[in-house]
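Data first, discussion second: the structure below is written as structure tokens.
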Protein chains: 2
Amino acid sequence: MMKARVTVTLKNGVLDPQGQAIEGSLKSLGFSGVGAVRQGKVFDLALDGSDEAAARTALTNMCEKLLANTVIENYAIEISN
Amino acid sequence: MMKARVTVTLKNGVLDPQGQAIEGSLKSLGFSGVGAVRQGKVFDLALDGSDEAAARTALTNMCEKLLANTVIENYAIEISN
């Protein structure tokens with residue numbers, strides 16, 4: 001059993017209105033010096049087996065097919081255990 | 001200028017219907033051996049200054065006040081540079 005975390009973030013240049021709204025809210029709450037806020041997604045998964053290379057291949061396929069929109073998003077895969 | 005990443009995840013025991021839906025979709029796409037899918041959020045921010053301790057305090061306040069719902073969510077803060 002392995003644990004994996006997939007982090008999906010918007011590519012540079014892709015507009016992020018949600019991030020901009022959060023940045024505006026932080027500023028109106030009095031947090032100064034905050035900028036370039038971007039929101040992304042994180043997926044935590046448990047995977048059967050202990051073959052890390054096979055898990056990484058499967059996770060890459062999951063990202064390409066479902067977890068990320070690779071036109072506008074990047075993904076990063078971390079595997080533990 | 002420092003960069004920070006805040007990761008917000010659901011606490012253990014909090015139901016995650018979105019994660020369950022993703023898990024179901026992965027299985028119907030043919031990915032077997034996947035379980036315990038949980039979805040969370042990630043925020044990337046840029047912060048003025050170079051005082052890491054002050055930045056961590058500010059980020060903790062941002063999480064408590066806006067970025068996380070601490071009733072049902074945990075948050076983790078990473079600072080780089």
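No value in this document is a laboratory result; all are computed from the given coordinates. None of these values were measured; they are calculated from a predicted model. Glycine gets a Cβ as well: all are built from the backbone with ideal geometry, and neighbour counts include every protein chain shown.
For the stretch A:2-80, the convex hull drawn through the C-alpha positions has a volume of 106 cubic angstrom per residue. Across all C-alpha atoms in the protein assembly as shown, the radius of gyration and Dmax reach 16.7, 48 Å.
For the pair B:Val71 and B:Ala46 in one chain, pulling the backbone fully straight at 0.36 nm per residue adds 6.4 nm over the alpha carbon distance.
Above 18 Å, the calculated P(r) of the stretch A:5-51 contains 48 percent of its Cα-Cα pairs.
Applying 1/(1 + (r/R0)^6) with r as the Cβ-Cβ distance of A:Lys3 and B:Ala53 and R0 = 30 angstrom yields a FRET efficiency of 0.50.
Would you calculate, for chain A, the mean residue ellipticity at 222 nm contributed by helices, counting each DSSP H stretch of 4 or more residues as -39,500 (n - 2.57) and dividing by all residues, to the nearest 500?
-8500 deg cm²/dmol
Excluding same-chain neighbours fewer than eight residues apart, the lysines reachable from B:Lys65 by a Cα-Cα span under 21 Å are A:Lys27, A:Lys41, B:Lys3, B:Lys11, B:Lys41. Mean per-residue shielding of peptide A:41-50 is 6, counting Cβ atoms of other chains within 10 Å of each Cβ.
Modelled this way, with points 7 Å down the Cα-to-C-beta line, the labels at A:Glu64 and A:Ser28 are 4.3 nm from one another. The distance linking the stretch B:34-81 with the stretch B:1-26 is 13 Å (Cα centroid to Cα centroid, whole angstrom).
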